[in-house]
Amino acid sequence: MELNERKMKILKAIVKDYIETAEAVGSRTISKKHNLGVSAATIRNEMADLEELGYLVQPHTSAGRVPTEKGYKLYVDLLMGTNELDDSDKQVIEKCVESNMSHIQSLIHETSKMLSQLTNYTTIGTTRQLVKPSVIKHIQLVSMAEHSILLIVVTDTGDIKKTDIFTKKYLDQAKLNIISDNLTKKLAGKSITDIDNNLIAFIKYEIGEYSSIVDKLLSILNSNVSEEDVSISLNGVTNILNYPEFNDVLKARSFLDMLETKETVSQIIHSKGILKDNTNIIIGSDNDCQQAKECSVVTATYKIDNEQIGRISFIGPTRMDYSRIYSIINYMNILLNNK
């Protein structure tokens, strides 16, 4: 069954309406509200097809449809646009950025607090202590035994990081030297904050069946950064209670509990999601944190002069207004890039 342009337009309309109302969307509503040029009966048939394809679900017989996680992901990946922010929203954001530009940590944490109030979502501001991260100088893989490799990373500060890698397949030293040279060529001069998911995917593709080495490499680079070196501010924690999806007391308590420790918060915002520019969008079950699997998390990484200054994360129900959040993130980028 083909996911044609008409189905995409109908799915986009349903997602936008459901985000706004939290009520199942029917074909008549779509027909009246959105000028799609087709009858309610045709829309109803297309909605049935979208349900069969897994993008919509019908919660009750004779009710309208609501988006599934698969539907939200398609919307975020292909259908979502950016909206022009109201002048009042722009002024609030501009004022907060201007008043905190002299102190980077305040910029992230105060802006995060302001954005929680502006969007009615929970926000998390994270900054590292202002210590310049070490930069990779050289990477070397050394054969230690038939199924054991030593991974060595030398940094610009002279630090040497080492870890053992156990492999199912034997790799001779000549092959390991080729992989070492490839990794050094791609990563020399970069810190852990410079290595994004696109670069990781490219390197893994190049070294193919030996891609697990990259995971070990990232692990030892990240191990040098303690959670104690990260400053975290939580804002609007109880905002989630304003959404009908979290009216259930147990669900609300589970949400509040998951924000109690730095380790859990870090897991929530560092899960892998849909990458769009400097933004990571994690929808529902894609979150590594079990307690966050009924939420969506949108995290923006901010830089000034190509140096990462921190992250701001938005947490809400999967019925989050992704387009508005993405528009706010983009406007923040514009402001910071002009500084």
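The values are calculated or read from the model by the stated rules, or taken from the named source; none is laboratory data. Only a predicted model underlies this, so the values are computations on that prediction, with no experimental measurement involved. Note: ideal-geometry Cβ built from the backbone for every residue, glycine included; neighbour counts use all protein chains shown. Surface accessibility is based on the protein's heavy atoms, side chains included, excluding ligands, DNA and RNA. Shrake-Rupley method; radii C 1.70, N 1.55, O 1.52, S 1.80 Å.
Scanning the range 288-298 for residues that are in contact (Cβ under 8 Å) with a residue 40 or more places away in the chain and surrounded by 23 or more Cβ atoms within 10 Å (Cβ to Cβ), we see that the one that is farthest from the chain's Cα centre (by Cα) is CYS295. Cβ separations smaller than 7 Å between residues 6+ apart or across chains give the following pairs from the range 152-163 residues that are polar (S, T, N, Q) to residues that are part of a strand (DSSP E or B) and open to solvent by less than 70 Å² (accessible area, probe 1.4 Å): THR155/ILE136; THR163/LEU151.
In the set (1) farther than 23 Å from LEU74 by Cβ; (2) touching a residue at least 60 places away in the same chain (Cβ under 8 Å), ASN333 fails one condition alone, (2). Every listed requirement among (1) assigned to a strand (DSSP E or B); (2) hydrophobic (A, V, I, L, M, F, W, C); (3) more than 28 Å from SER219 (Cβ to Cβ) is met by LEU115 save one, (1). Might you let me know whether the range 258-271 holds any residue that is touching a Ser or Thr at 6+ places or on another chain (Cβ under 9 Å), farther than 24 Å from LYS73 by Cα and open to solvent by 30 Å² or more (accessible area, probe 1.4 Å)? No.
Can you confirm whether the range 59-80 contains a residue that is in contact with a Ser or Thr (Cβ under 6 Å, 6 or more places away or on another chain), of a type in the set (Lys, Arg) and open to solvent by 40 Å² or more (accessible area, probe 1.4 Å)? Among the residues of the range 59-80, not one is in contact with a Ser or Thr (Cβ under 6 Å, 6 or more places away or on another chain), of a type in the set (Lys, Arg) and open to solvent by 40 Å² or more (accessible area, probe 1.4 Å), which makes the answer no. Of the helices (runs of 4 or more DSSP H) lying entirely inside the range 1-111, the ones with 3 or more residues being free of Cβ contacts under 8 Å to residues at least 60 places away in the same chain and either more than 27 Å from the chain's Cα centre (by Cα) or on the phi < 0 side of the Ramachandran plot (or both) are found at 5-21, 27-33, 40-52, 87-100. Give the residue that is farthest from TYR55 (Cα to Cα), with candidates limited to residues of the range 280-294 that are touching a helix residue (DSSP H, G or I) at 6+ places or on another chain (Cβ under 7 Å) and part of a strand (DSSP E or B). Ranking the candidates gives ILE281 first.
Yes/no matrix, rows are residues, columns are (1) open to solvent by less than 50 Å² (accessible area, probe 1.4 Å); (2) farther than 30 Å from GLY125 by Cβ:
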| site | (1), (2) |
| --- | --- |
| PHE166 | no, yes |
| SER191 | yes, no |
| LEU199 | yes, no |
| GLU209 | no, yes |
| ILE213 | yes, yes |
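For the range 178-204, a residue qualifies if it is farther than 17 Å from LYS137 by Cα and in contact (Cβ under 8 Å) with a residue 40 or more places away in the chain, and the qualifying residues are ASP196, ASN197, ASN198.
Within the range 132-140, the presence of at least one residue that is hydrophobic (A, V, I, L, M, F, W, C), touching a Gly at 6+ places or on another chain (Cβ under 8 Å) and outside any helix (DSSP H, G or I) is confirmed.
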